[in-house]
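The structure appears right after this line, and notes come after that.
The values are calculated or read from the model by the stated rules, or taken from the named source; none is laboratory data. It should be emphasised that the depicted structure is a prediction, and the values quoted were computed from it without experimental measurement. Every residue, glycine as well, gets a Cβ built from its backbone with ideal geometry; the counts of neighbours run over all protein chains shown.
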Amino acid sequence: MLKEKESKKLIHKKKLICLDMDGTIYLGNTLFKGVKETFEYFKKHDISFVFLTNNSSHSLPFYVEKIKGMGIECTIDNFYSSIETTIKYLKDQQVKTLYVLGVKSFKEQLKKYFVLLDENSDEIPEVTLVSFDTELIYEELKAACLYIQKGSGFVATNMDHRCPIEDGFYIPDCGGICKCIEMCTDKKPLFLGKPEPEMIYQVMEKFKVSKEETMIVGDRYYTDIVAGLNAGIDTVAVLTGETKKEEFLIQERKPTYIIDSIADLVELFQK
């Protein structure tokens, strides 16, 4: 339990809460108990929040509508994804041509900035970009492997191995798809998104807050918590998602706090 002096210091220092979504505030289409009360607390105490998602299969407006539909007041400014992080990275690297494993909406966003080649192109793309592709077909996977073997760069939006769904089941995420490509090509991708700290740095700059004023809450150690550790901010692990308490405790770099669910976040601030 926090000492009162420590908790008062905590509540007054935090101005931005970075949050994961799947496994942290909801699972599938079911909002966890206590989530609405937590966000009401943020509003009452003028604490900003931003959802950080590695999921590149949906655009930000999709998430805005989903979260608003669950009864949480939000705007597009409350979201930041691996899509934005990836686009910024590729633009900074002056990349022009891509071959993309990704859903149609992701490719449409990329077309605004890059030339997208298809699996029949004679040109080798500068980068083969892999994302959470729920529309993946074998011929596209085959083309990605061939382009990488022929010299194309290998970049991935995020390293999540699997995506949680209802009833305790999982489906392959970007990192899982990349494992297949790695086994075929003997090449490892450059992962963007969490746990790389760049996404957190960008939102800190956007909200004009310091590391001491920022906290991240998430259910996965290897993405959410490690991202916070890499960025040098306080981390809160919740036990409603993929990682169990024992897995958090055995890590050399442990979360700052471990709580049962996001409903306990208010209590963490108040005690």
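Look at (1) in a loop (DSSP other than H, G, I, E, B); (2) in contact (Cβ under 8 Å) with a residue 40 or more places away in the chain; (3) not β-branched (Val, Ile, Thr) and you find that PRO125 fails only one, number (2).
For GLU182, state whether it is of a type in the set (D, E, K, R), farther than 30 Å from GLY241 by Cα and surrounded by fewer than 20 Cβ atoms within 10 Å (Cβ to Cβ). Working first, answer last.
On the way: of a type in the set (D, E, K, R): yes; farther than 30 Å from GLY241 by Cα: no; surrounded by fewer than 20 Cβ atoms within 10 Å (Cβ to Cβ): yes.
No, not satisfied.
Checking every residue in the stretch 220-236 against the condition of being touching a Phe, Trp or Tyr at 6+ places or on another chain (Cβ under 6 Å) and in a strand (DSSP E or B) gives at least one match. When you go through (1) of a type in the set (Ser, Thr, Tyr); (2) modelled with pLDDT under 95; (3) within 18 Å of GLU198 (Cβ to Cβ) one by one for TYR113, which number turns out not to apply? Among (1) of a type in the set (Ser, Thr, Tyr); (2) modelled with pLDDT under 95; (3) within 18 Å of GLU198 (Cβ to Cβ), TYR113 violates only (2). Against the list (1) more than 20 Å from LYS44 (Cβ to Cβ); (2) in contact with a Leu (Cβ under 9 Å, 6 or more places away or on another chain); (3) among the charged types (D, E, K, R), the condition GLU213 fails is (1). The requirement of being under 25 Å from THR240 (Cβ atoms), surrounded by fewer than 24 Cβ atoms within 10 Å (Cβ to Cβ) and outside the structural domain of THR223 (by TED's automatic domain parsing) is fulfilled nowhere in the stretch 136-155; no residue meets it.
With respect to the stated conditions, CYS163 is among the hydrophobic types (A, V, I, L, M, F, W, C) and within 20 Å of ASN55 (Cβ to Cβ). Looking only at the stretch 79-105, count how many residues are crowded, with 20+ Cβ neighbours inside 10 Å and either assigned by TED's automatic domain parsing to the domain that holds ALA227 or under 29 Å from PHE39 (Cα atoms) (or both). The number of residues fulfilling the criteria is 7. Looking only at residues of the stretch 237-271 that are farther than 22 Å from GLY28 by Cβ and among the β-branched types (Val, Ile, Thr), we find that the one that is surrounded by the fewest Cβ atoms within 10 Å (Cβ to Cβ) is ILE250.
Residues are listed down the side, and each one gets a yes or a no for (1) in the same structural domain as GLU198 (by TED's automatic domain parsing); (2) touching a Gly at 6+ places or on another chain (Cβ under 8 Å); (3) not basic (Lys, Arg):
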site	(1), (2), (3)
LEU229	yes, no, yes
GLY232	yes, no, yes
THR235	yes, yes, yes
THR243	yes, no, yes
GLU246	yes, no, yes
GLN251	yes, no, yes
LYS254	yes, no, no
TYR257	yes, no, yes
ILE262	yes, yes, yes
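Across the stretch 173-208, the number of residues qualifying as assigned to a loop (DSSP other than H, G, I, E, B) and within 20 Å of the chain's Cα centre (by Cα) comes to 9. Only a single criterion out of (1) in a helix (DSSP H, G or I); (2) free of Cβ contacts under 8 Å to residues at least 60 places away in the same chain is not satisfied by ASN120, namely (1).
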